[in-house]
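The values are calculated or read from the model by the stated rules, or taken from the named source; none is laboratory data. Not measured: the values here are computed from a predicted model. Cβ: placed from backbone, ideal geometry, glycine included. Neighbour counts: every protein chain shown. Just the protein is used for accessible areas: all its heavy atoms, side chains included, with ligands, DNA and RNA removed. Shrake-Rupley method; radii C 1.70, N 1.55, O 1.52, S 1.80 Å.
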Amino acid sequence: MSAPRRVLVIGGGFSGMSAAIELRKRGVDVDLVELDPAWRSYGAGISLGGATLRAFRTLGILDAFLTHGFASDGVELHLPHGPIVSTVPTPRIAGPDVPGGGSIMRPVLARILAEATRAAGAHVRLGCSFSALEPRGDGVDVRFSDGTEGRYDLVIGADGIHSAVRRAIAPEAPEPTYVGQSVWRAVVPRHPAINTVSMWLGPNVKPGLNPVSATEMYMFITEPRPTKDRIDASEFVGRVRGLLADFPDPILQQVREQLGPSSSIVFRPVERLLMPRPWYRGRVVLIGDAAHASSPMMGQGGSLALEDAWVLAEALHSVDSVERALDAYVVRREPRVRWVRQESQAAGESLRLPVAARNAALRARGAEMMEHRFRPLTARA
Ligand SMILES: Cc1cc2nc3c(=O)[nH]c(=O)nc-3n(C[C@H](O)[C@H](O)[C@H](O)COP(=O)(O)OP(=O)(O)OC[C@H]3O[C@@H](n4cnc5c(N)ncnc54)[C@H](O)[C@@H]3O)c2cc1C
């Protein structure tokens, strides 16, 4: 057994913090560097499937999530004027005592993970990145942006979709590509009738609402847009109101009226990327969005990031060489990543179909999605 004793994590997002926590549990010395001096997390809410809540349980943050976020069962699908046409079940894969999904404000989840990272004993440096990664024997010599240096048995690149670590180790890797959709997010007071994820099946867009706490809910809308546009923030409220105009349901009309400068509206063109195998070079490995990012139609990116961290830490602890552990990590993760990517793309494309064809496509995929999405997170997953 030659498990790494000293690991550097580059990037303090969901994947990097989870890797730090999981490695500390196994007694590894962990340094984590995060570019943002304030360690902020932007955006409104994040939707979480049962697989993410299972990962929270593994990480030890499930109770904090249940206290500060919102857990619920099922996804309600509505017609534009309000009636529910279907309630999609969300099996309780984190355990019989935990609902099958949920949501939380991103900054709140980031704070919970940051506290757990520090409590686990990881050494965190903010406002810091790497400036050079030099492979040396069974390790990597690292120069940091603040002029300091360090030597590590393994470096984990967890620095997101535009990863500088990926560019450093695999300059030939593809760059993220725009998928022809952009997403809107906003936070509004929680409507008393919204008790779980609720989506409205409109002709062009499918607005959704998800409670993020007892008092707030976040709205998500994916909008097909052929070009990767930049929209000035002064237009946000008007644009989102325009997207909701075709939905007479009084709940959505109330949300439409409530939108204003305090709604934390976020607009993001969606990009995706899949790093070809292997997701590592020597002793530098990529996790989370740095290795694979898909469109957010499945709401699974966060889950994949957390699972990557868990599977990598477990492989490093149980496989008899670092090289074989990195191989095992990629072999275990790639099929799940590819499946989420494929389903997410299909769901995005279905937005462009006529309504009847889109609804038939959604129904046809439903059963398979349920079966695949809840496979156990084991070596065979
Ligand atoms: C619009 C949108 C909506 C989404 N909605 C959902 C959802 O509802 N549910 C869900 O599960 N997933 C969702 N996702 C996906 C999810 O947000 C990502 O998959 C997840 O955040 C990936 O985590 P990460 O830690 O790998 O990367 P990131 O969250 O991008 O974190 C990377 C971190 O690295 C830091 N960093 C960057 N460069 C450097 C550097 N050079 N040195 C040091 N640090 C650096 C950054 O500051 C950041 O803190 C959504 C994604 C998008 C774009």
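How many residues does region 205-252 hold that are surrounded by fewer than 13 Cβ atoms within 10 Å (Cβ to Cβ) and of a type in the set (S, T, N, Q)?
3
Checking Pro276 against (1) within 15 Å of the ligand (Cβ to nearest atom); (2) not aliphatic (A, V, I, L, M); (3) not in a helix (DSSP H, G or I), only one condition comes out false. Which one?
Pro276 satisfies all of (1) within 15 Å of the ligand (Cβ to nearest atom); (2) not aliphatic (A, V, I, L, M); (3) not in a helix (DSSP H, G or I) except (1).
Show the residue pairs that are 6+ apart or on different chains and have beta-carbon atoms under 7 Å apart, the first residue being within region 224-244 and assigned to a helix (DSSP H, G or I), the second being open to solvent by 40 Å² or more (accessible area, probe 1.4 Å) and among the basic types (Lys, Arg).
Arg241/Arg256
Tell me, please, whether a residue that is out of contact with any His (no Cβ under 9 Å at 6 or more places or on another chain) and outside any helix (DSSP H, G or I) can be found in region 324-341.
Here is the first cut: in region 324-341, the ones out of contact with any His (no Cβ under 9 Å at 6 or more places or on another chain) are 324, 326-332, 335.
Right, trim to outside any helix (DSSP H, G or I) and you get none.
No, the conditions are met nowhere in region 324-341.
Working only within region 1-35, note down all residues that are under 14 Å from Ser163 (Cα atoms), assigned to a loop (DSSP other than H, G, I, E, B) and out of contact with any Cys (no Cβ under 8 Å at 6 or more places or on another chain).
Gly11, Gly12, Gly13
How many residues are under 30 Å from Gly208 (Cα atoms), within 12 Å of the ligand (Cβ to nearest atom) and open to solvent by less than 30 Å² (accessible area, probe 1.4 Å) if we restrict to region 100-148?
Of the residues in that region, 8 qualify.
Being aliphatic (A, V, I, L, M), closer than 19 Å to Leu209 by Cβ and either open to solvent by 20 Å² or more (accessible area, probe 1.4 Å) or in contact with a Lys or Arg (Cβ under 9 Å, 6 or more places away or on another chain) (or both) is the filter here; which residues of region 43-71 pass it?
Let us first name the residues in region 43-71 that are aliphatic (A, V, I, L, M), namely 44, 46, 48, 51, 53, 55, 59, 61-62, 64, 66, 71.
Next, only the ones that are closer than 19 Å to Leu209 by Cβ stay: 44, 46, 48, 71.
Matches in region 43-71: Ala44, Ile46, Ala71.
Here are some conditions: (1) under 28 Å from Val9 (Cβ atoms); (2) touching a strand residue (DSSP E or B) at 6+ places or on another chain (Cβ under 6 Å); (3) open to solvent by 30 Å² or more (accessible area, probe 1.4 Å). Ser264 meets all but one. Which one does it not meet?
If we test Ser264 against (1) under 28 Å from Val9 (Cβ atoms); (2) touching a strand residue (DSSP E or B) at 6+ places or on another chain (Cβ under 6 Å); (3) open to solvent by 30 Å² or more (accessible area, probe 1.4 Å), just (1) comes out false.
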